[in-house]
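Notes follow once the structure below has been shown.
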Amino acid sequence: GETKRQKLDGEERRITVVAHPNIALIKYWGKASEKEMIPLNDSISLTIECFHATTTLIARRVNEGEESGDTVSINGVDIGLNTRFHRVFKSVRDLLSDRWSFSVSSSTNFPVAAGLASSAAGFAAIAFALGKTFDLPGEDIERLARYGSGSASRSVLAGLVQWKKGEEGKESHVISHFPADHWPKLRLVILVVKEEEKAISSKEGMERTARTSALLQDRIRRNGEKIKGIIDSFSAHDFPSMAELIMRDSNEMHAVCLDSYPPIQYLNSTSWSIINLVHSFNSEIVRAAYTFDAGPNACIFTLEEHVDEFRTLVSSSFSIGENAELKSIAVSNLGQGPRIVE
Ligand code: PMV
């Protein structure tokens with residue numbers, strides 16, 4: 001009787017949101033601070049419309065003496081909370097006067113194990129859901145997302161989003177330069193590559209690169225001009241210029257991984273076949289640009305008018321299926337930022 005009634009009276013808030021993963025055109029690789037999740041360089045990205053995480057957050061007010069425990073389930077499976085989740089929940093509790101516990105259930109329409117920046121969509125969704133539930137300002141939302149996964153902070157905004165590392169007196173933050181519909185013909189073709197073995201996590205990889213790669217210093221030094229190049233070429237719809245910057249930056253991120261010691265390899269032979277295929281597709285005019293995150297899957301930027309020809313070329317060059325070289329192909333528009341669905 002009594003305890004049950006108290007539970008029913010206790011406040012409960014529920015929200016469901018959707019967020020998209022993002023793909024970086026100039027990538028984040030290396031942290032200046034693991035504690036504050038501050039990157040060594042700025043990065044810039046767009047979100048992928050066809051993929052999304054749908055996340056329900058239930059926040060329960062915890063009365064004095066009551067047990068509180070947070071839970072997270074992803075695609076129906078309860079997961080043990082790692083330090084990232086604890087950090088996000090602790091940070092939001094620090095902002096609130098009452099005590100709350102959180103229960104998150106998230107589902108994705110793309111394979112989490114495929115390494116398609118699912119953590120970015122997931123943490124952006126959690127941060128956005130927390131922000132809307134407790135009326136938090138945008139800077140808290142992006143910081144919560146960042147604490148979950150650095151790249152997630154770029155998924156809390158729409159369009160061409162730059163994650164600035166911040167300077168003295170100015171905290172690391174994100175800004176959107178253009179809305180997603182600034183370039184309506186831009187498309188993404190995602191090639192999901194069959195993985196042979198589990199790769200080293202981005203956290204571990206970044207630490208090793210920052211600790212051991214001398215080439216990384218040169219990469220960081222040229223970051224400002226590359227970011228500017230992306231903003232200018234995106235602004236002018238200059239596909240060939242933007243494409244070259246994207247491909248070179250992806251190659252460079254994987255080059256500093258190779259320069260790390262012991263070396264880190266994320267690309268496999270299928271990834272390399274895709275790289276070569278794109279360069280032959282581009283032999284006369286640059287019509288496509290590949291980029292790879294910390295895994296073998298390719299994200300190809302192209303324009304609407306080239307999608308069919310590129311897709312046909314891919315289909316005639318690779319076997320496609322669950323156990324084949326390529327697991328699947330998806331074609332997407334650029335996505336929006338997170339939104340409330342319920
Ligand atoms: O997912 P994170 O935040 O640990 O970082 C991954 C970084 C890359 O995906 C490899 C590049 C990027 O900027 O998204």
Requested in this report: For the stretch 87-112, name all the residues that are touching a residue at least 12 places away in the same chain (Cβ under 8 Å), open to solvent by 30 Å² or more (accessible area, probe 1.4 Å) and part of a helix (DSSP H, G or I).
Outcome: Arg87, Leu95, Val112
Query raised in the report: Could you list, in sequence order, the residues of the stretch 247-266 that are surrounded by fewer than 20 Cβ atoms within 10 Å (Cβ to Cβ) and not in a helix (DSSP H, G or I)?
Result: Tyr261, Pro262, Pro263, Gln265
Query raised in the report: Of Lys132, Lys185, Lys198, which residue is surrounded by fewer than 19 Cβ atoms within 10 Å (Cβ to Cβ) and modelled with pLDDT under 95?
Result: Lys198
Report summary line: Checking Glu325, Glu225, Glu244 in turn, the sole residue that is free of Cβ contacts under 8 Å to residues at least 12 places away in the same chain and open to solvent by 50 Å² or more (accessible area, probe 1.4 Å) turns out to be Glu225
Query raised in the report: Residue check, Lys165 against (1) open to solvent by less than 10 Å² (accessible area, probe 1.4 Å); (2) within 16 Å of the ligand (Cβ to nearest atom), all met but one. Which one?
Result: (1)
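Ala180 - would you say it is buried (at least 16 other Cβ atoms within 10 Å of the Cβ), within 15 Å of the ligand (Cβ to nearest atom) and aliphatic (A, V, I, L, M)? Walk me through how you get there before you give the answer.
Working: buried (at least 16 other Cβ atoms within 10 Å of the Cβ): yes; within 15 Å of the ligand (Cβ to nearest atom): no; aliphatic (A, V, I, L, M): yes.
Considered against the rule, which asks whether it is buried (at least 16 other Cβ atoms within 10 Å of the Cβ), within 15 Å of the ligand (Cβ to nearest atom) and aliphatic (A, V, I, L, M), Ala180 comes out as no.
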Requested in this report: Count, please, the residues in the stretch 27-70 that happen to be surrounded by 15 or more Cβ atoms within 10 Å (Cβ to Cβ), more than 16 Å from the chain's Cα centre (by Cα) and part of a strand (DSSP E or B).
Outcome: 7
**Report entry** Residue under evaluation Asp308, criteria (1) over 20 Å from the mean Cα position of the chain (by Cα); (2) open to solvent by less than 10 Å² (accessible area, probe 1.4 Å), criterion not met
**Finding:** (2)
Query raised in the report: If you go through the stretch 211-222 one residue at a time, do you hit one that is open to solvent by 20 Å² or more (accessible area, probe 1.4 Å), in contact with a Leu (Cβ under 8 Å, 6 or more places away or on another chain) and more than 13 Å from the ligand (Cβ to nearest atom)?
Result: yes
Requested in this report: Considering only residues that are open to solvent by less than 10 Å² (accessible area, probe 1.4 Å) and either hydrophobic (A, V, I, L, M, F, W, C) or touching a Pro at 6+ places or on another chain (Cβ under 7 Å) (or both), look in the stretch 142-159 and name the one that is farthest from the ligand (Cβ to nearest atom).
Outcome: Gly159
Report task. Would you point out the residue of the stretch 201-210, among those that are closer than 22 Å to Arg143 by Cβ and open to solvent by 50 Å² or more (accessible area, probe 1.4 Å), that is nearest to the ligand (Cβ to nearest atom)? Result -> Ser202
Query raised in the report: Is one or more of the residues making up the stretch 279-296 modelled with pLDDT of 95 or more, open to solvent by 50 Å² or more (accessible area, probe 1.4 Å) and in a helix (DSSP H, G or I)?
Result: yes
Query raised in the report: Has the stretch 117-126 got any residue that is modelled with pLDDT of 95 or more and either farther than 18 Å from Ser153 by Cβ or open to solvent by 30 Å² or more (accessible area, probe 1.4 Å) (or both)?
Result: no
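The values are calculated or read from the model by the stated rules, or taken from the named source; none is laboratory data. Just so you know, these numbers come straight off a predicted model, no measurement behind them. Ideal geometry is used to build each Cβ from the backbone, glycine not excepted, and the neighbour counts take in all protein chains shown. Side chains are part of the model used for accessible areas, which takes the heavy atoms of the whole protein and leaves out ligands, DNA and RNA. Shrake-Rupley method; radii C 1.70, N 1.55, O 1.52, S 1.80 Å.
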